[in-house]
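Colleague: Structure below; questions to follow.
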Amino acid sequence: MSTPFGPPTVGPPAAPPPDGPARFDVAYVESRNRLTTAFRLILAIPHLVVRQVWQYLAHILAVIQWFVIVFTGKRNRGMWDLQQAWMGYNARVTSYVGLMSDPYPAFGTTSSPQEQVAYDLAFSEQANRLTSGLRFLWIIPAAVIAIFVGIAGFAVTVVSWFAILFTGKHSRGMFDFLLRVNRFVIRLTAYALLMTDVYPKFE
């Protein structure tokens, strides 16, 4: 269905398989809002504060979940759901701050109809004790890749900011690259929080 923002919006993603990676998609819109782009960081401050505070809880839950998994080999669904709620909110804020979408994200766990961001991750109760127990070691290669990918993503975001200010448009090539960068970071975050055993890939 067409929208005032251009191409069809991204609807709720199909349920990912239990052994699949986190899904993150944003609808591409070429024409962008120059004004909100120019002041994007200022406009995003309330969300950045909420996201940071909420993130502390997600990290605390990850520590508790670590003990649960190591001793039982299973994830606690209640703690996972709280982390999942933050991950969804984080995905929407990341899309807005990263210049991938213009609609201002809604606070909380429910997105507004105007938002064009889709995130999902299937819950798997069974967890690998070994890779979870040694997650701080297993994650190192992906974390190193994330550093270099993040630097490239930051550079492309800056170029995108200037491009949107001068042309009012966002290059499809830069958008696609930023989508891959943010998808990788979101998958890495889910892995770090022990929400999944699927190792993050840049794709």
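Colleague: Within segment 168-180, work out how many residues are out of contact with any Phe, Trp or Tyr (no Cβ under 8 Å at 6 or more places or on another chain) and free of Cβ contacts under 8 Å to residues at least 40 places away in the same chain.
Modeller: Qualifying residue count, segment 168-180: 4.
Colleague: Could you check, for segment 8-24, whether at least one of its residues is modelled with pLDDT of 90 or more, under 21 Å from residue 157 (Cβ atoms) and either touching an Asp or Glu at 6+ places or on another chain (Cβ under 6 Å) or surrounded by fewer than 16 Cβ atoms within 10 Å (Cβ to Cβ) (or both)?
Modeller: Taking every residue of segment 8-24 in turn, none turns out to be modelled with pLDDT of 90 or more, under 21 Å from residue 157 (Cβ atoms) and either touching an Asp or Glu at 6+ places or on another chain (Cβ under 6 Å) or surrounded by fewer than 16 Cβ atoms within 10 Å (Cβ to Cβ) (or both).
Colleague: Restricting the search to segment 176-192, which residues are touching a strand residue (DSSP E or B) at 6+ places or on another chain (Cβ under 8 Å) and either modelled with pLDDT under 95 or farther than 14 Å from residue 142 by Cα (or both)?
Modeller: The answer is 179, and nothing else.
Colleague: What number of residues in segment 35-94 are among the charged types (D, E, K, R), surrounded by fewer than 12 Cβ atoms within 10 Å (Cβ to Cβ) and either under 17 Å from residue 107 (Cβ atoms) or in contact with a Gly (Cβ under 7 Å, 6 or more places away or on another chain) (or both)?
Modeller: 0
Colleague: Separate question: Conditions: (1) within 16 Å of residue 29 (Cα to Cα); (2) in contact with a His (Cβ under 8 Å, 6 or more places away or on another chain). Residue 93 meets all but one. Number of the miss?
Modeller: (1)
Colleague: Quick check on segment 168-192: of everything there that is assigned to a helix (DSSP H, G or I) and of a type in the set (D, E, K, R), which residue is farthest from residue 124 (Cα to Cα)?
Modeller: Result: 172.
Colleague: Of the conditions (1) under 16 Å from residue 137 (Cα atoms); (2) under 14 Å from the mean Cα position of the chain (by Cα); (3) not in a helix (DSSP H, G or I); (4) not β-branched (Val, Ile, Thr), residue 195 satisfies every one except a single condition; which number is it?
Modeller: Only one criterion is unmet by residue 195, namely (1).
Colleague: Return the residues of segment 56-83 that are farther than 22 Å from residue 134 by Cα and either under 18 Å from the mean Cα position of the chain (by Cα) or at pLDDT below 95 (or both); say none if nothing qualifies. Outline the logic, then answer.
Modeller: From segment 56-83, those farther than 22 Å from residue 134 by Cα are 78, 81-82; that's our starting set.
If the condition is that a residue be farther than 22 Å from residue 134 by Cα and either under 18 Å from the mean Cα position of the chain (by Cα) or at pLDDT below 95 (or both), then 81, 82 are the ones that fit.
The values are calculated or read from the model by the stated rules, or taken from the named source; none is laboratory data. Keep in mind that what you see is a predicted model, and the values were worked out from it rather than measured. Methodologically, a virtual Cβ is constructed for each residue, glycine included, from the backbone with ideal geometry; neighbour enumeration extends over all protein chains shown.
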